[in-house]
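Since every read-out is calculated from the coordinates, none of them should be taken as a lab result. These numbers were taken from a predicted model, which means no experiment stands behind them. Here Cβ is always computed from backbone atoms with ideal geometry, including for glycine, and neighbour counts include all displayed protein chains.
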Amino acid sequence: MNERIRAREVRLIDENGAQLGIMPAREALRLARERNLDLVEVAPTAQPPVCRIADYGKHKYRQAKREREARRRQKATEVRLLRMKPQISNHDLEIKLRKFRELLGEGNKVRVTLRFRGREMTRPEMGTGLLQRVAQELADVAQTEGEPRLEGRMMIMTLAPRPGLRAVPKRKEKTTPHVQAQVQQQAQAPPPVPERPHEAQDTEDSGEAG
């Protein structure tokens, strides 16, 4: 910042975001001083380094705020683990795809794992093709984090929500008033009285003369 910037030339951006071009660092510092602001190095590894005319205190505050928001979003993202068989049926695959869409729509990452059994290990391309098909089916809502990788008898692929996908909160099951009334009525109803066994009639002769 300011005199600590060692580069001879910098690419300067003013306080309003306008590009002022490449100039000597001393000239950039002079412009910042004229506006009672600081010269802040925002991209030191660029060639030449990028500097911005800004209030250093406000710049640090905004930077810390962005970092907090990024950590909060990272913490809120869960990685859900779902398993599939390499020889899954089309019907079961459709069910899995619906579940994947639901989890991705909630903002979660999904780690898909295939477990090979017996001779299935001799055909890893079968698992690769299945995971690629899953990625293609979900391309509108997800992007893959790297290619499918084989770890022992497991093949793993991680899907992340596509940027810009709006997270949908989990839906709670709603109970209609009619169903609520039935449940309440059943709860208030007295317990049923158990039936008493019928007394066996005495078929023996009462002893009276016929």
Residues with amide H under 5 Å from that of GLN143, placed H, sequence gap 5 or more: ALA160, ARG162
Residues with amide H under 5 Å from that of GLU15, placed H, sequence gap 5 or more: ILE53
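In which sequence would VAL134, VAL40 go, from the one with the fewest C-beta neighbours within 10 Å to the one with the most? Please report the intermediate quantities before stating the final value.
Values: VAL134 24, VAL40 20.
Ranked by crowding around the Cβ, least crowded first: VAL40, VAL134.
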Amide hydrogen neighbours beyond the local backbone of ALA43, cut-off 5 Å, H modeled: VAL50
Vicinal HN-Hα couplings computed from phi for the range 19-33 (Karplus, 6.51 cos²θ - 1.76 cosθ + 1.60; Hz; Gly/Pro x): 7, 9, x, 8, 8, x, 4, 5, 5, 5, 5, 4, 5, 5, 5
Backbone HN-Hα couplings from phi across the range 147-164 [Karplus 6.51/-1.76/1.60, Hz, Gly and Pro as x]: 7, x, 10, 9, 10, x, 9, 10, 10, 10, 9, 10, 10, 10, x, 5, x, x
